[in-house]
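What follows is a short report on a single structure.
The values are calculated or read from the model by the stated rules, or taken from the named source; none is laboratory data. All of these numbers come straight from a predicted model, not from anything done at the bench. Positions of Cβ are generated from backbone atoms using ideal geometry, with glycine treated the same way; all protein chains shown enter the neighbour counts.
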Amino acid sequence: MNLREKKAAKKREDILRSASLVISRKGFHHTTMEDIAAELLMTKGSLYYYFKNKEELLFQCHDLILSNAFNQLEDIYGKEISSGEKMKAAIKVHLDIAIQEKEIFNLTVKPEQIFSKEYIDPIVKKRDAYAGLFDRMIQQGIQKGEFTVNQKKMARMIILGAANWIQVWYSPEGEFSKEEIEQIYADYLLKILT
């Protein structure tokens, strides 16, 4: 990649990061390309140079965040630590992203309500690969004798479902810090597997 291509890639990522912040503040349906352009101090026309429309920009935001989450989980899966420690770390990553990237992360739940067919298949494929990493960690824990769960997929769905619910009630002004909540969740959710 030459310097010009690197600059363009960096600009795209900056746009995506800013767009995700605007979407988190205003919500998906209330965010316009004008809002995103204003956040970046650029014209709407300049934004269209990088993305053909709001749907593509949103898809790229989603892809960036889910790719980041997937990479973090892959790193955890590859560590030489117990399966319990891996699962706790993975739960904390999931919670952190669910809190920090609430609006974008929610796009994975029912992509057919947001995106056209062009974008649904890649979203579902990446979402399934992400969930599959949790399945692999659970399977690894079973093979090592750390986990005793019989219904692996059901256990994963309970864990991720409970973790996703944090978006409904979490407040940074609450009794516990984000890190404390992540630890409490990880401790309790791990009990499902043992």
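Taking the stretch 159-194 as the range and being in contact (Cβ under 8 Å) with a residue 60 or more places away in the chain and of a type in the set (V, I, T) as the test, the residues that pass are I159, I166, I181, T194.
Residues are listed down the side, and each one gets a yes or a no for (1) within 14 Å of Y130 (Cα to Cα); (2) of a type in the set (A, V, I, L, M, F, W, C); (3) surrounded by fewer than 17 Cβ atoms within 10 Å (Cβ to Cβ); (4) in contact with a Leu (Cβ under 7 Å, 6 or more places away or on another chain):
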{"position": "K52", "(1), (2), (3), (4)": "no, no, yes, no"}
{"position": "S67", "(1), (2), (3), (4)": "yes, no, yes, no"}
{"position": "N71", "(1), (2), (3), (4)": "yes, no, yes, no"}
{"position": "K88", "(1), (2), (3), (4)": "no, no, no, yes"}
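Being of a type in the set (F, W, Y) and not assigned by TED's automatic domain parsing to the domain that holds E146 is a property that holds for F28.
Of Y188, Y119, all but one fail to be at pLDDT 95 or above, of a type in the set (S, T, Y) and in a helix (DSSP H, G or I); the exception is Y188. Screening the stretch 118-157 for residues that are closer than 20 Å to S67 by Cβ and in contact with a Ser or Thr (Cβ under 9 Å, 6 or more places away or on another chain) and picking the one that is surrounded by the most Cβ atoms within 10 Å (Cβ to Cβ) gives M137.
You will find that of G174, G161, G145, the residue that is assigned to a helix (DSSP H, G or I), more than 27 Å from K54 (Cβ to Cβ), of a type in the set (G, A, S) and not assigned by TED's automatic domain parsing to the domain that holds H29 is G161 and no other.
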